1. On the basis of being surrounded by 11 or more Cβ atoms within 10 Å (Cβ to Cβ), out of contact with any helix residue (DSSP H, G or I) (no Cβ under 9 Å at 6 or more places or on another chain), at pLDDT below 85 and not in a helix (DSSP H, G or I), does residue 29 make the cut?
2. Taking residue 140 as the residue in question, decide whether it is surrounded by 11 or more Cβ atoms within 10 Å (Cβ to Cβ) and touching a helix residue (DSSP H, G or I) at 6+ places or on another chain (Cβ under 8 Å).
3. Restricting attention to the range 247-269, report how many residues are buried (at least 22 other Cβ atoms within 10 Å of the Cβ), closer than 30 Å to residue 311 by Cα and touching a helix residue (DSSP H, G or I) at 6+ places or on another chain (Cβ under 6 Å).
4. Scan 195, 271 and give me the residue that is out of contact with any strand residue (DSSP E or B) (no Cβ under 6 Å at 6 or more places or on another chain), in a helix (DSSP H, G or I) and closer than 14 Å to residue 134 by Cα.
């Protein structure tokens, strides 16, 4: 201890002679001891991390809570739904019985609704993604009169809610005689203003004009340039638009509700809603266990598709990170 004090006094004496400011070690502070400002900064970071962790935990519970309730109650019989807690399992496990009843109820109409939904997603969402990619790429890489007007129209379309256009669309399709047909659901789903705008913005930055010019000098046509070169560069935007289109078409409810009157063309959303309304009517047998189990079966395919497409989306975003 005396050696440290003597060394500090010696350094202070040298500082007086040389005119230099003594160091923190020379003034008697222990080396490695954090300053007050560092301690406050570390404490502030700790409080921020704890607050962020609490917020993220609440968001996770808010997101997974309904799914947990759906899974738990899908394993219960109709009587157990009324007699047990909705947040935990019943003594009897009835999930497989409920699934069999869902596919057998009303002559197996649930399977028909599932196939209808797949049709609307494959044709509607797939077509919307392809058209948005083609149009967005063309608007980003080609110059033509009226390009700014098209841009303004797209921005205006983004600001209009889809429910506002539902009634005019119904009147138009009614005049054309297309109501109560799959075309009444598929054709409006082919238009995606958000997808077009997203591809447009991404293509303007992701695809260099020099790359397109080099392909043209090599003799490639415009379609070959798009499908062989540009589409690979647009993979992240393409997958993103496809994800949004698939989820929107799978969960589409209001448009099929007003366009379709025959149950044979219903998607899953409208069909399950009809089951829930019919089971709550007077004089009908309630089937809440079938509605809940059918909802679970509806959620599983779209969740699997989202996770599957997300893999390509993440890999596409990282593809150009290393040059």
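The values are calculated or read from the model by the stated rules, or taken from the named source; none is laboratory data. If you're wondering where the values come from, they're calculated on a predicted model, not measured in any experiment. FYI the Cβ positions are ideal-geometry reconstructions off the backbone, even for glycines, and counts take in every protein chain you see.
1. Judged against the criteria, residue 29 is a match.
2. For residue 140, the condition - surrounded by 11 or more Cβ atoms within 10 Å (Cβ to Cβ) and touching a helix residue (DSSP H, G or I) at 6+ places or on another chain (Cβ under 8 Å) - is met.
3. Here the count works out to 4.
4. That would be 195, the only listed residue that is out of contact with any strand residue (DSSP E or B) (no Cβ under 6 Å at 6 or more places or on another chain), in a helix (DSSP H, G or I) and closer than 14 Å to residue 134 by Cα.
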